[in-house]
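The values are calculated or read from the model by the stated rules, or taken from the named source; none is laboratory data. Keep in mind it's a predicted model, so treat the numbers as computed, not measured. Cβ atoms come from the backbone with ideal geometry, glycine included; neighbour counts cover every protein chain shown.
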Amino acid sequence: MAVLSLPRSTYKAALAHLSRKPEQVGFFLADWDVTRNQFVIRNWRPVSGRDLEYRSDFHVSLKDHVRPRIIKWAWDNNASLVEAHSHGDFGAAMFSPSDLSGFEDWVPHVRWRLGGKPYGAIVTAGHAFDGLAWIDSSRHPHQLDAIEMTEGESVAATSRTLAWQAPVSLSDLSDD
């Protein structure tokens, strides 16, 4: 069981950005607490529209200068990253095949650049979310089970992505 732990105010700020429309993006800076299997969130950074190369209701891509800047932010703070993006207010919260395909290259790269630190990802649909965590492998994600606010509230993941794909290996999802 892996969780995301953060203050309610940070959670609300992230949801406010992510819920504006589909395919909003942001990143959390986090410490990985190995004893609790927990990303402890330090900071939230929304990605602005001017930093997006392309966005539709079904896909988003970041401009080339954004990815190294986000990695440097984590490196300079000796931290892990947790990405977040939205699928709007409709449908079930789960990663799309396009999302999973994007993790193929991105997750191993960012983990290598950050010295093997765990990496997390969440996708929201309204107030629901699903999440994955790459803790000990860049190819086999674990379920991110919940978002726990430091004030005691908790939101459970839909757990739909891995249930739909189980057992999943990112290399199993490629068309090659």
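Taking residues in segment 38-50 that are among the charged types (D, E, K, R), and partners anywhere that are assigned to a loop (DSSP other than H, G, I, E, B) and buried (at least 17 other Cβ atoms within 10 Å of the Cβ), the pairs with Cβ atoms closer than 7 Å and at least 6 places apart or on different chains are R42/A79. When segment 33-63 is filtered for residues that are surrounded by 13 or more Cβ atoms within 10 Å (Cβ to Cβ), modelled with pLDDT under 85 and not hydroxyl-bearing (S, T, Y), the ones remaining, listed by number, are D51, L52, R55, H59, V60, L62, K63.
If you go through segment 145-156 and keep only what is surrounded by fewer than 20 Cβ atoms within 10 Å (Cβ to Cβ) and either free of Cβ contacts under 8 Å to residues at least 24 places away in the same chain or not polar (S, T, N, Q) (or both), you end up with D145, A146, E148, M149, E151, G152, E153, S154, V155, A156.
Of the listed requirements (1) over 20 Å from L29 (Cβ atoms); (2) modelled with pLDDT of 90 or more, A163 misses just one: (2). Could you say whether any residue in segment 129-144 is of a type in the set (D, E), surrounded by 16 or more Cβ atoms within 10 Å (Cβ to Cβ) and either over 16 Å from Q24 (Cα atoms) or without any contact (Cβ under 8 Å) to a residue 24 or more places away in the chain (or both)? Checked against the condition, which is being of a type in the set (D, E), surrounded by 16 or more Cβ atoms within 10 Å (Cβ to Cβ) and either over 16 Å from Q24 (Cα atoms) or without any contact (Cβ under 8 Å) to a residue 24 or more places away in the chain (or both), segment 129-144 yields no hits at all.
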